[in-house]
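See below for the structure under consideration.
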Amino acid sequence: MSTTPSIDQLKRAIAISEQIQNLEAELASILGSSAKVSAPAKVAAVTAKPGRRKRGLSAEGRARIAAAQKARWAKAKGGEVAEASAEAAPKAGKRRKKRNLSPEARERISAAVKRRWAKAKKAK
């Protein structure tokens, strides 16, 4: 997919932009100047990705990270390692079990990668 728009696409974009400006002017004349939409608001609405939300950490996760960092600093500075508080300590059974691939899955992935590389080498 090309990232550079064609001449026809640019002409169409200019035409649409002019239509938008004309409609905004007409709306402003009907409702008054307070109805005019600012450009940054339109851009933000267009570029926002729906359905995406920012990831966050739980208070427990932040406390674990802070306790681990304090322990690293204490160890680096030669001081005593402070014991993590009860809040910061991970609760038993709370962590997810580490997932491993089955040997069959590893073989399938390995075979697929080998086929992909063989195809790429053959194409050269």
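Quick note: the coordinates plus some simple rules give every number you see, no bench work behind them. All values derive from a computational prediction rather than experimental measurement. Every residue, glycine as well, gets a Cβ built from its backbone with ideal geometry; the counts of neighbours run over all protein chains shown.
Could you pull out the pairs from K70/K98; K70/K97; K54/K121; K98/K122; K77/K98 whose alpha carbons sit more than 31 Å apart here? Violating the 31 Å limit, Cα to Cα: K54/K121; K98/K122; K77/K98. Approximating the spin labels as points 7 Å out from Cα along Cα→Cβ, the L101-to-T4 distance works out to 4.0 nm. For segment 7-19, backbone phi angles converted through the Karplus equation (6.51, -1.76, 1.60; θ = phi - 60°) give residue-by-residue couplings of 4, 5, 5, 5, 4, 5, 5, 5, 4, 5, 4, 5, 4 Hz, Gly and Pro being listed as x. Spin-label model, A13 to R62: label points 7 Å out along the Cα-to-beta-carbon direction sit 4.1 nm apart. With the simple spin-label model, which puts each label point 7 Å out from Cα in the Cβ direction, the K114 to A28 separation comes to 6.8 nm.
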